[in-house]
Amino acid sequence: MSEQKLTTERAFAEFKKAYQAKRKLVDRQLEDFRFALGEQWDKDDAKRLKAAGIKPCVDNRIQPNIFLITGLERQNRADFKAFPEGEEDGLKADIASALFKDAIKKSGFGYKSSEQFKDGITCGESHLELYLDYTESLINGKPCWAKADGGTIIQDPASREYDFSDARYVYKVKLGMEQDDLINLYPKKRRAIRRAGKGKLDMESMLGATEHNQPRDYAKPGDSGRISDDELQEEGFDLIERYYKKWVEKVFVGDQKTGELKEAESLDSAEVFVEQYQAQIVADAQAYEAAVGQAVAQAAMQVPGMPVQMTEAGPAPMIDTTMAAEMRSMMDQNGQLPPAPPQQDPERFIVIRRMVPEMWCFAFVPGIDEPLSDARAWFYPKWKGYPFVPYFARFSTAPLQGDERHLLVQGVVHGVKGVQEKHNKAEVLLLRHLNTTANSGWLTQESSWVDPAKVEQLGTQAGVNLEYRKDSPKPDRITPVPLSQGHAQISESSIEAIKGGTGINSDLVAAQQGGGDSGRAIALRQKQGLLMMQELFDNLTRSKQIAGRFLLSQLGEIYDTESAMKVLGEAFLQKSFPAPTLLNEQNGEPEPMVDEATGQPMRYDKAMAEVAIAEVLSGDLWEYDVSVGEAVASETIRMAIGAEIAELQQ
């Protein structure tokens, strides 16, 4: 059954559906970002306070916690490392790890991952996308990582998996592209792009109850029908890329002996392979029978008195079937027959037709009816997933539906916004109370002051001399009303609530100054504090493993054997691939073989090195031979303490 053809109309309809499902999460994430950066007052509340002459103050207790946890992540940053699955895979893992390290350095993955982590813990979601830049080389692409927020990566609403593996599609939106940039990406669509009308997403009509499209005016007589460059530069284009699983029929040749499946180019080529294999078995059997018959005939010619007849091939013994079978059996026992061909099963190979998903990319722009591209993704088949590496700070698969689904993805900000607002309002009330009660005035009898106007103007200032009449009692300053302890307590309790709500507590992670606790007590408190944040770091590790497997699958696009050898270095190649040696006929000592190309002794076995590197660059190493993990890239707290103890012991 063939899959329904994808059109721009259908792609946009499903994009609209997916965006509407994620709209509440996207809006909330933007609000989380603003809140973390200090925009914490409701606009109406702030307007009313300013109208009353009160400045809305912000005591941002969320941002320092984000700084603390991002500092911990950067301090304990890790690189990719390939771990062998078996003992025989150790050399491949070492090669992959060395190439990993170079690719990370070139792409700046460590910094991009830290940026992704910071955005992720703030709003709950952030993404990285791997792409290859061929600007410097047309053969080897330079790995690059682009960070994308949750509002530009729109996944299938039915998806529940962390890595989108169950999603039918994932959309990527790039807003505000210039005309020339879009043409550079899709030069074959130059004419359609230049003649396009509106190329921007109309979010209001897309999310509203009715759809509204504002078409471009018809061209007037004498017009070229082309929009001016100035007009297009002002509007720009919103590029939408849909990565999706396209089900296509594949033909495989199955080996029933080893259980392996190999993809064939076509059904005809697979059937021809199986037919040739079966025909070869028959041909080998016929050739063997002919050789055995010839051997039996030659032996029969040596029997005395054996009658002989003349044939086209020459003289041949006249023996019946029974005698020939007896002679064959005797010759078989004596080992006089030619060797039999290996036993082969004619039913060993079978042709299998199966529908399998391929990863395709469908690119389109609003206002252009035809797609800009609909082809297999650049990374397929070496990588069969989506090109996005998601990071979710707090991720849940609870069975929530509709508008409640935005609660499944959260950062550290969402849960404490209400407490932070309460803290800010309590602080404003305290300041308001303090300002309105300080210098609250004087308590005097009527006409006690010599100069009442002076008292009214300068009575609250320092160093002023005020005079009262001799016949009047001494005026008393009115004692200010004490600050509201209730508001102060609300403010303090809100600070503690923020620590509990975020799960980030500087006291628990031993980040506070001073204190006389023992080292063991500090370690236990730090462990408890890190446990509250464990999910954040576990999900980061999960994301890094996805990125590592993706990068490992594309090493063949980043390096060739020559460039990989330069990265590995001469010392590694000499240690891992020692040069083959021959014994010197004069002194009997082993000497390196001579390289035929240079005429010089081999420094290492280049042929073996090329074979091993080619296996690493094949793209499927991560599936069977190695697993991707992390190795420490910077000095951790434990390592630093260990180094200090070692220095003290010396």
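The values are calculated or read from the model by the stated rules, or taken from the named source; none is laboratory data. A quick note: this is a predicted structure, and the numbers were derived from the prediction, not measured. As a convention, Cβ positions derive from the backbone with ideal geometry for all residues, glycine included, and neighbour counts pool all protein chains shown. For the accessible areas, the whole protein counts, side chains as well, though only heavy atoms, and no ligand, DNA or RNA atoms are used. Shrake-Rupley method; radii C 1.70, N 1.55, O 1.52, S 1.80 Å.
Can you say whether Glu535 is open to solvent by 50 Å² or more (accessible area, probe 1.4 Å), over 23 Å from Ile95 (Cβ atoms) and assigned to a helix (DSSP H, G or I), as far as the supplied structure shows? Yes. For the criterion of being in contact with a Pro (Cβ under 6 Å, 6 or more places away or on another chain), closer than 22 Å to Ser491 by Cα and not aromatic (Phe, Trp, Tyr), Leu37 fails.
Criterion first (surrounded by 14 or more Cβ atoms within 10 Å (Cβ to Cβ) and either under 37 Å from the mean Cα position of the chain (by Cα) or hydrophobic (A, V, I, L, M, F, W, C) (or both)) does Gln401 satisfy it? For Gln401, the condition - surrounded by 14 or more Cβ atoms within 10 Å (Cβ to Cβ) and either under 37 Å from the mean Cα position of the chain (by Cα) or hydrophobic (A, V, I, L, M, F, W, C) (or both) - is not met. Considered as a group, the residues in segment 102-125 that are of a type in the set (Lys, Arg) and in contact with a strand residue (DSSP E or B) (Cβ under 7 Å, 6 or more places away or on another chain) include one that is surrounded by the fewest Cβ atoms within 10 Å (Cβ to Cβ), and that residue is Lys106.
When we screen Phe395, Phe362 for residues that are under 30 Å from Ser494 (Cα atoms), in contact with a strand residue (DSSP E or B) (Cβ under 7 Å, 6 or more places away or on another chain) and touching a residue at least 12 places away in the same chain (Cβ under 8 Å), the only hit is Phe395. Taking segment 300-395 as the region of interest, the strands (runs of 3 or more DSSP E) fully inside it that hold 2 or more residues being surrounded by 12 or more Cβ atoms within 10 Å (Cβ to Cβ) and on the phi < 0 side of the Ramachandran plot are 314-317, 349-364, 373-376, 388-392. Candidates are the residues of segment 396-412 that are in a loop (DSSP other than H, G, I, E, B) and among the β-branched types (Val, Ile, Thr); the one that is nearest to Val616 (Cα to Cα) is Thr397. For segment 64-110, a residue qualifies if it is modelled with pLDDT of 85 or more and among the acidic types (Asp, Glu), and the qualifying residues are Glu73, Asp94, Asp102. Scanning segment 152-173 for residues that are open to solvent by less than 30 Å² (accessible area, probe 1.4 Å) and not in a loop (DSSP other than H, G, I, E, B) gives Ile153, Ile154, Tyr169, Val170, Tyr171, Val173. May I ask you to verify whether Glu115 is more than 21 Å from Ser396 (Cβ to Cβ), in contact with a Lys or Arg (Cβ under 7 Å, 6 or more places away or on another chain) and in a loop (DSSP other than H, G, I, E, B)? Taking the combined requirement at face value, the residue does not satisfy it.
One line per residue, one yes/no per condition, for (1) modelled with pLDDT under 70; (2) under 30 Å from Pro381 (Cα atoms); (3) within 36 Å of the chain's Cα centre (by Cα):
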{"residue": "Leu583", "(1), (2), (3)": "no, no, no"}
{"residue": "Glu589", "(1), (2), (3)": "no, no, no"}
{"residue": "Tyr604", "(1), (2), (3)": "no, no, no"}
{"residue": "Ala614", "(1), (2), (3)": "no, yes, yes"}
{"residue": "Trp622", "(1), (2), (3)": "yes, yes, yes"}
{"residue": "Val626", "(1), (2), (3)": "no, yes, yes"}
{"residue": "Ala631", "(1), (2), (3)": "yes, yes, yes"}
{"residue": "Ser634", "(1), (2), (3)": "yes, no, yes"}
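Taking the conditions (1) open to solvent by 50 Å² or more (accessible area, probe 1.4 Å); (2) free of Cβ contacts under 8 Å to residues at least 40 places away in the same chain in turn, Asp605 satisfies each one other than (1).
Out of Leu128, Leu91, Leu99, one residue alone is open to solvent by less than 10 Å² (accessible area, probe 1.4 Å), part of a helix (DSSP H, G or I) and hydrophobic (A, V, I, L, M, F, W, C). It is Leu99. Evaluating Gly259 against the criteria (1) within 30 Å of Pro346 (Cβ to Cβ); (2) over 36 Å from the mean Cα position of the chain (by Cα); (3) open to solvent by 40 Å² or more (accessible area, probe 1.4 Å); (4) at pLDDT below 90 leaves one unmet condition, (2). For segment 262-287, a tally of residues being over 21 Å from Ile352 (Cα atoms) and loosely packed, with under 13 Cβ neighbours inside 10 Å returns 4.
Counting the residues of segment 1-53 that are open to solvent by 30 Å² or more (accessible area, probe 1.4 Å) and not in a helix (DSSP H, G or I) gives 12. Among residues of segment 32-61 that are in contact (Cβ under 8 Å) with a residue 24 or more places away in the chain and at positive phi, those with a Cβ under 6 angstrom from a residue that is β-branched (Val, Ile, Thr) and open to solvent by 40 Å² or more (accessible area, probe 1.4 Å), sequence gap 6+ or separate chain, pair up as Gly38/Val58.
Residues are listed down the side, and each one gets a yes or a no for (1) modelled with pLDDT of 70 or more; (2) touching a Lys or Arg at 6+ places or on another chain (Cβ under 8 Å); (3) among the hydroxyl-bearing types (Ser, Thr, Tyr):
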| residue | (1), (2), (3) |
| --- | --- |
| Phe388 | yes, yes, no |
| Gln420 | yes, yes, no |
| Leu434 | no, no, no |
| Gly441 | yes, yes, no |
| Thr460 | no, no, yes |
| Thr479 | no, no, yes |
| Leu483 | no, no, no |
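With respect to Ala547, determine if the residue is in contact (Cβ under 8 Å) with a residue 12 or more places away in the chain, surrounded by 14 or more Cβ atoms within 10 Å (Cβ to Cβ), farther than 25 Å from Pro387 by Cα and not aromatic (Phe, Trp, Tyr). So Ala547 does not fit the description; no. So the check is Cβ under 6 Å with 6+ separation or different chains; which pairs have a first residue in segment 126-145 that's over 26 Å from Leu536 (Cα atoms) and without any contact (Cβ under 8 Å) to a residue 60 or more places away in the chain and a second one that's open to solvent by less than 50 Å² (accessible area, probe 1.4 Å) and part of a strand (DSSP E or B)? Matching pairs, first to second residue: Asp133/Cys144. The number of residues in segment 558-581 being more than 37 Å from the chain's Cα centre (by Cα) and exposed (fewer than 12 other Cβ atoms within 10 Å of the Cβ) comes to 0. Residues that are farther than 30 Å from Arg549 by Cα and either over 23 Å from the mean Cα position of the chain (by Cα) or open to solvent by 70 Å² or more (accessible area, probe 1.4 Å) (or both) are absent from segment 69-83.
The one condition from (1) under 13 Å from the mean Cα position of the chain (by Cα); (2) open to solvent by 60 Å² or more (accessible area, probe 1.4 Å) that Leu138 does not meet is (1).
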